[in-house]
1. For segment 58-96, what are the residues that are within 20 Å of Ala133 (Cβ to Cβ) and surrounded by fewer than 20 Cβ atoms within 10 Å (Cβ to Cβ)?
2. Looking at (1) assigned to a helix (DSSP H, G or I); (2) more than 9 Å from the ligand (Cβ to nearest atom); (3) exposed (fewer than 14 other Cβ atoms within 10 Å of the Cβ), which is the one condition that is false for Gly34?
3. Inside segment 47-57, can you point out the residues that are surrounded by 12 or more Cβ atoms within 10 Å (Cβ to Cβ) and more than 20 Å from the chain's Cα centre (by Cα)?
4. So which residues in segment 17-31 are touching a helix residue (DSSP H, G or I) at 6+ places or on another chain (Cβ under 8 Å) and open to solvent by 50 Å² or more (accessible area, probe 1.4 Å), if there are any at all?
5. Of the residues Trp86, Trp77, which is over 12 Å from Val15 (Cα atoms) and either at pLDDT 95 or above or within 14 Å of the ligand (Cβ to nearest atom) (or both)?
6. Looking only at segment 139-170, count every residue that is modelled with pLDDT under 75 and of a type in the set (Phe, Trp, Tyr) and tell me the total.
7. Could you look through segment 126-135, keep only residues that are more than 11 Å from Arg91 (Cβ to Cβ) and crowded, with 22+ Cβ neighbours inside 10 Å, and pick out the one that is nearest to the ligand (Cβ to nearest atom)?
8. For residues that are among the β-branched types (Val, Ile, Thr) and open to solvent by less than 20 Å² (accessible area, probe 1.4 Å), scanning just segment 103-125, find the one that is farthest from the ligand (Cβ to nearest atom).
Amino acid sequence: MRIKAVQGDITTQDVDAIVNAANSSLLGGGGVDGAIHRAAGPALLEACRELRRTTYPDGLPVGSSAVTPGFELPARWVIHTVGPNWHAGERSTAMLASCFTTSLERAVEVGATSIAFPAVSGGVYGWDMDEVARVAVASARAWQSGADDSWEPGHRRPTGIELVRFVLFSADALAAFEHRLAE
Ligand code: AR6
């Protein structure tokens, strides 16, 4: 599994799945959420409403992830995750890490081999970008090496995911991720 960082717009990425930094309502918002809904078209909101009705009547919990089709996006799937909101006192790095690992699990479930992530919680939700980068890269690496007890240490899990691409909007965010990837 290759882990990369690029500067760009996540809505144009040619990967199997892109991750949306959503909120618990799943009904859209600003930032990357708004951009993804605009690019995917109105069917995405309908699919999110359906998810609410059928599976998450009380909303998608922080740190969880759920998948819908990508509709008009180049990506076949959108994986919606809810990052912790720093401004609301949600400051658990485990919660933020869970956004990345549960998204990777959803990607495996739908058979995706490539996935693009934005800087979840690094915008409206107010987390420091260096901290988002640290947690994001550490989570992907830990997940790759099978940090759970089901896989022998030192071996890579055959997850099917070949590419994890972090897609950052700004040069500063890209630098934060590149710094962590170089470690
Ligand atoms: N491609 C890649 N990254 C982007 C794009 C894009 N098209 N647009 C923005 N970003 P945010 P959060 C960057 O606020 O902090 C929404 O209203 C952006 O510069 O989108 O998790 C939701 O509905 C920033 O670095 O997500 C929630 O209510 C990063 O994506 C809330 O915001 C994340 O910023 C979630 O806040």
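1. If the condition is that a residue be within 20 Å of Ala133 (Cβ to Cβ) and surrounded by fewer than 20 Cβ atoms within 10 Å (Cβ to Cβ), then Asn85, Trp86, His87, Glu90, Arg91, Ser92, Thr93, Ala94, Met95 are the ones that fit.
2. Result: Gly34 passes all but (2).
3. Residue satisfying the conditions is Glu50 alone.
4. Selection gives Leu27 alone.
5. Trp86
6. Residues flagged as modelled with pLDDT under 75 and of a type in the set (Phe, Trp, Tyr) within segment 139-170 amount to 1.
7. Val132
8. Result: Ile115.
The values are calculated or read from the model by the stated rules, or taken from the named source; none is laboratory data. Keep in mind that this is a model prediction, so the values were computed, not measured. Methodologically, a virtual Cβ is constructed for each residue, glycine included, from the backbone with ideal geometry; neighbour enumeration extends over all protein chains shown. The area values use the complete protein model at the heavy-atom level, side chains included, leaving out ligands, DNA and RNA. Shrake-Rupley method; radii C 1.70, N 1.55, O 1.52, S 1.80 Å.
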